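Structure record follows, encoded as structure tokens.
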Amino acid sequence: MVNKFSTSIQGYNKEEVNNFVKEVIVEYENMLVKLKKSYQYSEELKKELKHYKDIESTLNRAILVAEESTSNIKKAAYDESKTILEDARRNATKVINNALVKAERIETEAESLRRKVMVYKRRFRALVEDQLDEMENFDDKVE
């Protein structure tokens, strides 16, 4: 805003100068208001930026905690699976050993029964042979 003032004997026209000064004051006040608003807006943006940085930091920590938790859960699951497999192997070994013991016991009982059947057959054969001998001797006694 460039102004040329008219001059008189006493210097520049006072009214023009005063009007110009008033315009400058109004313009200066408007600029101050704009500057204050810009400063306030800048401060609000700084606060908002800080808020978002805090949120970002919190989210980063949450991600780290989640990653650590995931890692711990995976390790725990792996350890548990190893334990389950070891238990299953031990149980399988027990089942197999028990089955082998039962099979051996059954085999022993079967062998014992075979021997008893053979003994029974021999005794029965001997009894039948004794009876046949008695029958032959009976015929000889009757004659």
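The values are calculated or read from the model by the stated rules, or taken from the named source; none is laboratory data. The structure displayed is predicted, hence computed values, not measured ones. Positions of Cβ are backbone-derived with ideal geometry, glycine not excepted, and every protein chain shown enters the neighbour counts. To get the accessible areas, we keep the full protein, side chains included, count just its heavy atoms, and leave off ligands, DNA and RNA. Shrake-Rupley method; radii C 1.70, N 1.55, O 1.52, S 1.80 Å.
Counting Lys and Arg as +1 and Asp and Glu as -1 over every other residue whose Cβ lies under 13 Å from the Cβ of ARG123, the net charge comes to +3.
For the range 64-128, count all C-alpha to C-alpha pairs, find those more than 20 Å apart, and express that count as a whole percent of the total.
Above the 20 Å cut-off, the range 64-128 has 64 percent of its Cα pairs.
Count Lys and Arg as plus one, Asp and Glu as minus one, and take only other residues whose Cβ is under 15 Å from that of ARG61; the net charge is then -3. Straight-line cross-link partners of LYS116 among the lysines, defined as a Cα under 26 Å from its Cα and at least 8 positions apart when in the same chain: LYS102.
Determine the sum of side-chain charges near ASN72: Lys and Arg each +1, Asp and Glu each -1, restricted to other residues whose C-beta is under 15 angstrom from that of ASN72. Show your work: numbers first, answer last.
On the way: positive: LYS74, LYS75; negative: GLU67, GLU68, ASP79, GLU80.
Taking every Cβ under 15 Å from that of ASN72, the sum is -2.
For the chain, with every protein chain kept in place, what is the accessible area per residue (1.4 Å probe, Å²)?
Numbers: 13870 Å² over 143 residues.
Here the per-residue accessible area is 97 Å².
Evaluated with a Cβ-only charge set (Lys, Arg +1; Asp, Glu -1), the range 10-143 carries a dipole of roughly 740 debye about its Cα centre, given to the nearest 20. Amide H to amide H distances under 5 Å link TYR12 with no residue, where only residues 5 or more positions off or on other chains count and H is placed in the peptide plane. For the chain, the fraction of alpha-carbon pairs lying more than 21 Å apart is 81 percent, rounded to a whole number. Of the accessible area of the chain, computed with a 1.4 Å probe over protein heavy atoms only, carbon and sulfur atoms account for 58 percent.
Along its principal axes, the range 17-100 has C-alpha extents of 121, 11, 8 angstrom, given from the largest down. Between 0 and 90 degrees, the angle of helix 14-142 with respect to the longest Cα principal axis of the chain falls at about 0 degrees.
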